[in-house]
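The values are calculated or read from the model by the stated rules, or taken from the named source; none is laboratory data. Computed from a predicted structure; not experimentally measured. Neighbour counts are summed over all protein chains in view; Cβ atoms, including those assigned to glycine, are modelled from backbone coordinates with ideal geometry.
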């Protein structure tokens, strides 16, 4: 295989456990890869400012892929290269549906989190991060969406989430992208927002060939990124469909599978 020059890493379930923890082995391996000249980006569904916290903690300086691929932005908070917003009319339609169904709903506008009510599920969603995300409560979400939100998220009880996801796909399929990154939430972005298209854009901008890219992920929202990368690596804790989209299946996160894959394919430590 070609030498890996650009490495894209999902966060939750790949290198981050319990919403905040990155193991010492992953930290050490990434430090070694960065010192070897490999460009590393994070490809996450999380907001930019949360993704940037992890990036700075790990010494990553490349542009970051956030909001399921809806945003590609310099890690220092500077230039925005890609920003796919949800059309306001579609966001309004989703808000109406959430109100009818009694779902908790929040949305990100300009990297800020907004909701009409701050219930326990949304509070948990906001707290599942290295810092507690501030939730701005507003009387009417529609009033702040003139330019279109970057992402909307429905927060429901775990046993309801699969049904919510199915209903949203039935209602908005072909118009919006629906993913379920956590057991208790379903996230909605523009149809063009995928980690795969974002990685393709970033590689092209950095002058890196597709064959020189590697991506590691664990969830359905990582499938197109794993399929596009020159080497796609699924975590051992990933669902079967994610593993089927990958070129290689690493051990699970509990065994530092991402670190093992980087050691093998990026650093050439075949017996790691």
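Give the number of residues within segment 25-49 that are surrounded by fewer than 21 Cβ atoms within 10 Å (Cβ to Cβ) and more than 19 Å from residue 213 (Cβ to Cβ).
7
With the requirement that a residue be in contact with a strand residue (DSSP E or B) (Cβ under 6 Å, 6 or more places away or on another chain) and in contact (Cβ under 8 Å) with a residue 60 or more places away in the chain, what does segment 55-84 give you?
Answer for segment 55-84, where residues must be in contact with a strand residue (DSSP E or B) (Cβ under 6 Å, 6 or more places away or on another chain) and in contact (Cβ under 8 Å) with a residue 60 or more places away in the chain: 62, 63, 65, 67, 68, 70, 71, 72, 81, 82, 83, 84.
Being at pLDDT below 95 and either more than 12 Å from the chain's Cα centre (by Cα) or over 19 Å from residue 97 (Cα atoms) (or both), is that true of even one residue in segment 187-196?
Applying the first criterion (at pLDDT below 95) to segment 187-196 yields none.
So far as segment 187-196 goes, no, none of its residues is at pLDDT below 95 and either more than 12 Å from the chain's Cα centre (by Cα) or over 19 Å from residue 97 (Cα atoms) (or both).
Among the listed residues 126, 70, identify the single one that is closer than 30 Å to residue 32 by Cα and under 17 Å from the mean Cα position of the chain (by Cα). Can you show your working first?
Numbers: 126 fails: closer than 30 Å to residue 32 by Cα.
Only one candidate passes the filter, namely 70.
Return the only residue of 216, 262 being touching a residue at least 40 places away in the same chain (Cβ under 8 Å), crowded, with 22+ Cβ neighbours inside 10 Å and assigned to a helix (DSSP H, G or I). Give the derivation first.
On the way: 216 fails: assigned to a helix (DSSP H, G or I).
Among 216, 262, only 262 is touching a residue at least 40 places away in the same chain (Cβ under 8 Å), crowded, with 22+ Cβ neighbours inside 10 Å and assigned to a helix (DSSP H, G or I).
Could you please find all residues in segment 134-155 being assigned to a loop (DSSP other than H, G, I, E, B), surrounded by fewer than 20 Cβ atoms within 10 Å (Cβ to Cβ) and within 24 Å of the chain's Cα centre (by Cα)?
Selection gives 134, 147, 148.
Taking segment 1-24 on its own, how many of its residues are surrounded by 15 or more Cβ atoms within 10 Å (Cβ to Cβ) and more than 18 Å from the chain's Cα centre (by Cα)?
3
Given the condition outside the structural domain of residue 197 (by TED's automatic domain parsing), surrounded by 14 or more Cβ atoms within 10 Å (Cβ to Cβ) and part of a loop (DSSP other than H, G, I, E, B), answer yes or no: does some residue in segment 72-82 qualify?
Checking segment 72-82: not a single residue is outside the structural domain of residue 197 (by TED's automatic domain parsing), surrounded by 14 or more Cβ atoms within 10 Å (Cβ to Cβ) and part of a loop (DSSP other than H, G, I, E, B).
In segment 85-109, how many are touching a residue at least 24 places away in the same chain (Cβ under 8 Å) and not in a helix (DSSP H, G or I)?
10
Of the residues in segment 105-126, how many are at negative phi and at pLDDT 95 or above?
Adding up the residues that qualify gives 10.
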